[in-house]
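Working notes, beginning with the structure itself.
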Amino acid sequence: GYVSFEYKEPLIGKTGTAETVLRPSGKVLIDGKMYDAYTRGDYIKKGQTVEVISEEGPSLKVKIVS
């Protein structure tokens with residue numbers, strides 16, 4: 001069946017750090033918490049700064065902060 005998922009606080013627009021390589025999915029650290037994340041664009045290297053652009057179920061869609 002369908003399982004609803006909500007974050008305790010809004011994460012869109014927040015920045016964090018890629019804790020693993022995102023190719024296209026991996027882990028990011030935001031405000032001291034680890035989240036599953038993915039990118040639709042370029043691969044993101046570990047240690048790069050990312051920004052959350054949407055919350056999609058239990059995963060965050062992120063992009064590189066340039």
Suppose every Lys and Arg Cβ carries +1 and every Asp and Glu Cβ carries -1, with no other charges. What dipole size does the chain come out with about its Cα centre, to the nearest 20 debye?
260 debye
Between Asp42 and Ile12, how high is the FRET efficiency from 1/(1 + (r/R0)^6) when r is the Cβ-Cβ distance and R₀ = 25 Å? Nearest 0.05.
0.80
Any aspartates and glutamates whose Cα falls less than 16 Å from that of Lys8, other than same-chain ones fewer than 8 residues away, would be Asp31, Asp36, Glu55, Glu56
Between Ser25 and Phe5, what FRET efficiency comes out of the Förster formula 1/(1 + (r/R0)^6) with R0 = 22 Å and r the beta carbon distance, rounded to 0.05?
0.85
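For the chain, what % of the accessible area comes from carbon and sulfur atoms, probe 1.4 Å? All intermediate terms of the calculation are to be shown ahead of the outcome.
Details: 2220 of 4550 Å².
That share works out to 49 percent.
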Answer rounded, prolate or oblate for the chain, using the Cα gyration tensor with square roots of eigenvalues a ≥ b ≥ c: rounded when a/c is under 1.5, else prolate when a/b is larger than b/c, else oblate.
prolate
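The values are calculated or read from the model by the stated rules, or taken from the named source; none is laboratory data. Just so it is clear, the structure is predicted and the values come from calculations on it, not from any experiment. Neighbour counts run over all protein chains shown; Cβ positions are idealised from the backbone, glycine included. Heavy atoms of the whole protein, side chains included, go into the accessibility calculation; ligands, DNA and RNA do not. Shrake-Rupley method; radii C 1.70, N 1.55, O 1.52, S 1.80 Å.
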